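The values are calculated or read from the model by the stated rules, or taken from the named source; none is laboratory data. Keep in mind that what you see is a predicted model, and the values were worked out from it rather than measured. Methodologically, a virtual Cβ is constructed for each residue, glycine included, from the backbone with ideal geometry; neighbour enumeration extends over all protein chains shown. Areas reflect the complete protein model, heavy atoms only, side chains present, ligands, DNA and RNA absent. Shrake-Rupley method; radii C 1.70, N 1.55, O 1.52, S 1.80 Å.
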Amino acid sequence: MNMLRKPLPATFRINASCQFYQDICSQLENDFRKSLETEVSDEHEEDAIRPLPWYPGNLAWHLNFSRMQLRRNQALEGFHEFLKRENEVGNITRQEAVSMVPPLFLNVQPDHHILDMCAAPGSKTFQLLEMIHQSTKPGMLPNALVVANDVDVQRCNLLIHQTKRMCTANLIVTNHEAQNFPGCNLAKFSSETCTDESKLQRLEFDRVLCDVPCSGDGTVRKAPDMWRKWNAGMGNGLHRLQVEIAMRGIGLLKVGGRIVYSTCSMNPVENEAVVAEILRRCGDSVELLDVSNELPELVRRPGLSTWKVRDRGSWFGTHEDVPRYRKNVISPSMFPSGKGTMDSHVAIGSVEINTDVIDADMKDSTNMVEGEQETKTASDDVNNGGDPNTEETSKLESNEVPNDSDKKSNSTSIRTEHSNFPLHRCMRIVPHDQNSGAFFIAVLQKISPINENQEAELIKGEHNISKDRAEKLEKGLGSDKVPHKENTVQQQGVDDGNVMDEQQNGDVDNETSNGKSSEEAKVIVNEAENDQAGPRDRRRKPQNQGRWRGVDPVIFFKDEATIRSIVSFYGIKDTFPLEGHLVTRNPDAGHVKRIYYVSKSVQEVLELNVKVGERLKITSLGLKIFERQSSKDGSPCTFRLSSEGLPLLLPYITKQILYASAIDFQHLLQYRTIKFPDFVDAKFGEEASALLPGCCVVVLWEGHQNIDSIAMDPSAIAIVCWKGKTNLCVMVSPLDGKELLERICLRYGLKIPKADDVKPSMKIDGSDEQPDLSTEAVDPEAVPESKASDMEIADAKEVE
C-alpha cells in the first residue's frame with residue numbers, strides 16, 4: 001500500500017531500429033545520467049535515470065521522477081523537452097515499464113506474422129515493429145507482418161498516430177471487435193479454387209498478443225482516479241469478454257504458435273480464471289508454458305491456484321455457494337475448478353435454500369453491511385462510472401430480485417477450490433518488487449488443432465448456464481454490453497481458428513443474426529456502428545468504393561505511365577520491387593494524391609482479403625513513398641518523394657541525388673531555403689543548379705566516404721528537397737528538421753543554433769517556385785480526422 005500511494009516513475013524505450021539509437025544511448029549515459037544526479041529525491045533510488053536491468057540491450061530506461069515531476073520541475077525542463085521531442089519523431093517511446101513486458105515473451109522472429117488484438121493506443125504495437133525491423137539492412141524489408149486491431153475508431157486514430165512514427169511498410173491497422181476478428185479462409189469464402197500453394201490460403205498468425213480490456217487496478221499509481229472508481233466486482237463484468245477474445249486469438253494462431261494473454265489487473269477473475277477456462281476449453285491442444293528462464297532479471301511472482309470471487313459484498317469460494325439469483329452473473333468459469341450446478345436450488349452445506357429465503361436473508365443482512373465503504377450496489381457503480389457488471393446486468397438484478405435489488409449480502413463462503421491446471425506458470429508483476437505498476441502475463445502455445453467436439457460441449461454447457469440471462473435479454477432488457485466494447489458476441493464457437501468463418505460472406509447489417517448454430521457467432525451490431533458495413537443493395541455504390549462504409553478501399557496502383565515516369569525521373573534501380581507493392585486509398589485513379597508501399601507479407605494479405613470479399617476492415621496500411629506535387633517549375637515528374645519512404649528507397653536512387661558537406665547540410669536544415677551561390681561548397685551549388693526542376697535528395701557526405709556506398713550505409717543521413725529555379729528548399733517537417741539538425745551538430749561537433757536562428761521555409765524573391773509542404777506534416781489518408789486534442793493524444797501514448 002505504501003508503494004501504491006507513490007507516483008509511478010516515468011519510463012521510456014529507445015527505438016533500436018532508429019538511425020540515432022546509439023547516439024541517444026550515449027547521450028543518456030554520458031550527459032543526462034550525470035547532470036540529473038542532484039535531483040534524486042527517493043531514498044530507495046540511487047540513480048536519477050538507469051536502464052531497466054531485465055530489458056534486452058539496455059534499451060528501456062527508468063526515471064526516478066514521475067510524469068508530474070518532469071512537467072513541473074524547472075531543473076528537469078531540458079530533459080523533459082528531450083523526451084518529448086525524441087518521442088514525437090519516433091526515436092523513443094514513453095511507456096510504462098510493465099507494459100513493455102508482454103511483447104518480450106512472444107519471442108518474435110523476423111519472419112513471423114503477428115496479431116495485436118487490442119492494440120490501441122499502440123505502444124506495444126510499436127514495440128513489435130521495433131523487433132521485426134531491428135536487424136533489417138538499408139533498403140530491405142523484413143518478411144514479418146504486424147496486424148494491429150482495435151474495436152474503437154477513435155482509438156484506431158491514436159494507434160495510427162503512434163505507429164506512424166515507425167515509418168513501416170509491414171503494418172496493417174484494422175477496426176474489428178477482437179472477439180469477432182474475421183477469418184480469411186480462401187476455401188470458405190471464395191468460389192475460385194487456388195492451386196498455387198505459394199499464395200496465402202488462410203490468414204493465420206505465428207504470434208498473438210492478447211492484451212485485453214480489464215478493470216485496470218494495476219494502474220492506480222499512474223491513474224490515481226482509479227482509487228475512487230475501483231471496486232472488487234469490476235472484473236466480473238469483463239471476464240466473459242476476456243475469455244472470448246483469448247479464444248478467438250487461439251483460433252487465429254498457427255499450430256506451434258505462441259499467444260501472450262495479459263492484463264493490467266491483479267484480479268484473478270480476469271487473470272488465472274481466464275487462463276484456466278482457456279485450458280479447459282482447449283484441452284491438450286494448448287499448453288501453458290513455463291517461461292521462468294526467460295528474462296531472469298524480471299522479478300515476477302507465480303500465478304494463483306486458489307481464489308474467491310467477490311460479488312455485492314460477499315466472497316464465494318465455489319459456484320455452488322453463489323445465490324441462485326446471481327448465478328446468471330457469476331459464472332462457473334470464474335472459480336478455480338470451473339464447475340457449476342444446473343440445479344434450480346442452491347445447495348449450501350446440506351440445506352437447500354429457495355429465492356424466498358434468499359430475499360429474507362438479504363433483508364436481515366442489509367443492516368450488517370450498511371456503511372461499508374468497500375461495497376457498492378450496482379446502481380451506485382453506474383452513477384460513479386465504475387459499473388462492474390454492465391447496465392444489462394443491473395437490469396437483470398432488478399428483475400430477479402424485484403424488491404431488494406439494491407441490497408447486499410455480506411455472507412462469505414468457507415469452502416475454497418484449487419485449480420488442477422499449472423497456473424503457477426502464470427506471472428504476476430507487483431509494484432513493490434521493482435517499483436513499477438502491476439501486470440499479469442500468461443504465455444500459451446498451441447500444440448495441435450483445437451478439438452472441435454470438446455469445444456462444442458463446453459460451449460453448450462456454458463449456454464445452458466446462462467439460458468435465463470439470454471431469455472431476459474431477448475425480452476428487451478437491453479443488449480449485452482461490456483465496458484469499452486460497443487458490440488458483443490452472444491454465443492462463441494470455435495472451428496479450429498474459424499469462429500466467425502461461418503458467417504455469410506456478404507456485408508453485416510444492423511439486423512441480429514438469427515438461426516445460427518453453436519459454431520456460428522451470433523453478433524448484435526449496434527446501430528451507432530452501422531458504418532462498419534454497407535447496405536446489401538450496392539447499386540448506388542461507385543465501382544471502387546469498397547465494402548466498408550466510411551473507410552476508403554485499398555486499391556493496388558497499376559498506372560504504368562505514372563510508374564514509368566517516377567522510375568525514370570529518380571533513376572530507381574530494377575532491383576527495387578514496385579509491381580504489386582504500390583497501393584492507394586483513392587478510388588478515383590485519376591486523382592491519386594498519395595502512393596503507399598507495402599511489404600510482400602502485406603501484399604499477400606491484401607490479395608487474400610480481396611479474394612474473400614474484403615472481410616478485413618483496413619483503416620491504415622503501408623508506407624507513404626510518393627506524393628503528388630504541383631509546381632510552376634515544369635517538373636517532368638508529378639510525384640515527389642516522401643520523407644517517410646526515403647530510407648527504404650535511398651539505396652536504389654541514381655538520379656536527382658546530391659551529396660552535401662556537413663556545413664552545407666547544417667545550413668539547409670537551419671535556413672530551409674538557400675540560393676545556389678550561397679552554399680559554402682561552390683561545386684555543390686553548381687551540381688544542385690544542374691538538376692532537373694522538382695524533387696531531389698540531399699545526402700550528408702563526410703568527404704572520405706565512397707559515394708557509391710553511402711546509400712547502403714545504415715548511418716547515412718538524407719533529406720528530401722525541392723530544386724527550384726534559383727534555390728534548394730528542404731521538404732522536411734520543422735520538428736523532424738530541428739531534431740536532425742541537433743543530431744548532426746552533436747555528431748560533428750558543430751554549434752547548435754538557437755531557436756531564433758532556425759528559420760521556417762519562405763519564398764525567395766517573390767518566386768512561386770516553392771512547393772506546398774503542408775501535406776508533409778499532415779496526411780489525412782494515413783491518419784483519419786480525430787476529435788482528440790493534442791493533450792489527449794499525448795496522454796494516450798502513455799496509456800495501456
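Assess whether residue 710 counts as being in contact (Cβ under 8 Å) with a residue 12 or more places away in the chain, in contact with a Phe, Trp or Tyr (Cβ under 7 Å, 6 or more places away or on another chain) and among the β-branched types (Val, Ile, Thr). First the steps, then the outcome.
Values: in contact (Cβ under 8 Å) with a residue 12 or more places away in the chain: yes; in contact with a Phe, Trp or Tyr (Cβ under 7 Å, 6 or more places away or on another chain): yes; among the β-branched types (Val, Ile, Thr): yes.
In short, yes.
Using the structure shown, decide if residue 240 is under 20 Å from residue 149 (Cα atoms), open to solvent by 20 Å² or more (accessible area, probe 1.4 Å) and not in a loop (DSSP other than H, G, I, E, B). Working first, answer last.
Values: under 20 Å from residue 149 (Cα atoms): yes; open to solvent by 20 Å² or more (accessible area, probe 1.4 Å): yes; not in a loop (DSSP other than H, G, I, E, B): yes.
In short, yes.
Here's the yes/no breakdown for (1) of a type in the set (A, V, I, L, M); (2) modelled with pLDDT of 95 or more:
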position	(1), (2)
222	no, no
234	yes, no
241	yes, yes
247	yes, yes
263	no, yes
269	yes, yes
278	yes, yes
Residue satisfying condition, being modelled with pLDDT under 95 and buried (at least 22 other Cβ atoms within 10 Å of the Cβ), within set 102, 121: 121
Taking the condition buried (at least 22 other Cβ atoms within 10 Å of the Cβ) and closer than 30 Å to residue 445 by Cβ, does residue 301 pass? no
Within the stretch 304-349, can you find the residues that are at pLDDT 90 or above and open to solvent by 50 Å² or more (accessible area, probe 1.4 Å)? 304, 306, 308, 315, 320, 324
Can you confirm whether the stretch 43-50 contains a residue that is in the same structural domain as residue 14 (by the TED database), touching a Leu at 6+ places or on another chain (Cβ under 8 Å), at negative phi and not in a strand (DSSP E or B)? yes
Write out, first by first residue and then by second, each pair whose Cβ atoms fall under 7 Å of each other, whose residues are 6+ apart or on separate chains, and whose first residue, in the stretch 96-115, is without any contact (Cβ under 8 Å) to a residue 40 or more places away in the chain and under 16 Å from residue 438 (Cα atoms) while the second is of a type in the set (D, E, K, R) and open to solvent by less than 20 Å² (accessible area, probe 1.4 Å). none
Only residues in the stretch 423-435 that are at pLDDT below 95 count as the first member; pair them with residues that are assigned to a helix (DSSP H, G or I), Cβ under 9 angstrom, at least 6 apart or cross-chain, and list the lot. 434/97; 434/98; 435/97
Whether any residue in the stretch 663-678 is out of contact with any strand residue (DSSP E or B) (no Cβ under 7 Å at 6 or more places or on another chain) and in a loop (DSSP other than H, G, I, E, B) is what I want to check. no
Quick one: in the stretch 9-53, of everything that is among the β-branched types (Val, Ile, Thr) and touching a His at 6+ places or on another chain (Cβ under 8 Å), which residue is modelled with the lowest pLDDT? 49
Pairs returned, first residue in the stretch 267-289 that is among the polar types (S, T, N, Q), second residue that is open to solvent by 10 Å² or more (accessible area, probe 1.4 Å) and not in a loop (DSSP other than H, G, I, E, B), beta-carbon separation under 8 angstrom, 6 or more apart or interchain, are 267/217; 267/234; 271/428
When you scan the stretch 70-88, do you find a residue that is loosely packed, with under 14 Cβ neighbours inside 10 Å, of a type in the set (A, V, I, L, M, F, W, C) and without any contact (Cβ under 8 Å) to a residue 40 or more places away in the chain, even just one? yes
Inspect all residues belonging to the stretch 606-627 and state whether any of them is part of a helix (DSSP H, G or I), open to solvent by 10 Å² or more (accessible area, probe 1.4 Å) and more than 19 Å from residue 585 (Cβ to Cβ). yes
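Only one of these is modelled with pLDDT of 90 or more, of a type outside the set (Val, Ile, Thr) and on the phi > 0 side of the Ramachandran plot: 634, 622, 550. Name it. Outline the logic, then answer.
Numbers: 634 fails: modelled with pLDDT of 90 or more; 550 fails: modelled with pLDDT of 90 or more.
Step by step, each of 634, 622, 550 is checked, and only 622 is modelled with pLDDT of 90 or more, of a type outside the set (Val, Ile, Thr) and on the phi > 0 side of the Ramachandran plot.
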